[in-house]
Amino acid sequence: MDLPKIEQLVDLVARSSIAELDLTQDGTRIRILKRASAAAPPVPAQPSSRDSTQAPAPDRQERPAHEATASATADVVVPAPMHGVFYRSAAPDEPPLVEVGARIEAGQKICIIEAMKTFIDIAAEVPGVVLAVLAENGDEIEAGQALFRIGPAGSS
């Protein structure tokens with residue numbers, strides 16, 4: 001796992017409502033914990049690998065979380081409520097339910113998660129503008145994984 005990817009994960013955790021992210025990829029384990037106190041500094045990712053020389057410098061990981069704090073306070077990260085397969089559209093031949101830049105309403109269906117051959121509609125909890133789609137169509141996702149970033153309704 002490369003340093004930009006780790007920085008991106010730290011940033012996503014800092015902006016989301018999840019308290020912990022634990023990810024293992026290609027023999028490298030990344031665990032990111034968010035402290036309860038807003039005044040406390042963020043906890044950097046702690047890689048644990050077969051080759052311990054791959055540990056990135058902690059100061060590079062902390063910077064994105066600090067920089068994101070000011071703008072992230074208004075953004076909402078939509079986490080996956082469960083493990084499953086992420087789909088952006090209601091059917092393979094249909095367009096995505098939402099696109100980046102689209103204005104959405106609270107309660108509007110934004111994606112579908114398939115779990116155990118059951119399709120579950122995921123709706124936005126807040127109105128706003130879709131700033132980012134953080135998962136790819138057909139990806140297997142984990143509970144708590146960030147799926148969308150939504151800006152406040154006044155964003156453009």
Just checking, does segment 56-77 include any residue being among the basic types (Lys, Arg), at pLDDT 95 or above and under 22 Å from residue 8 (Cα atoms)? no
Any chance residue 45 is modelled with pLDDT under 75 and not in a loop (DSSP other than H, G, I, E, B): no
So if I check each of 99, 136, 125, which one is under 13 Å from the mean Cα position of the chain (by Cα), loosely packed, with under 15 Cβ neighbours inside 10 Å and not in a strand (DSSP E or B)? 136
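The values are calculated or read from the model by the stated rules, or taken from the named source; none is laboratory data. Remember, predicted model here, so these are calculated numbers, not experimental data. Virtual Cβ from ideal backbone geometry, glycine too; neighbours counted across all protein chains shown.
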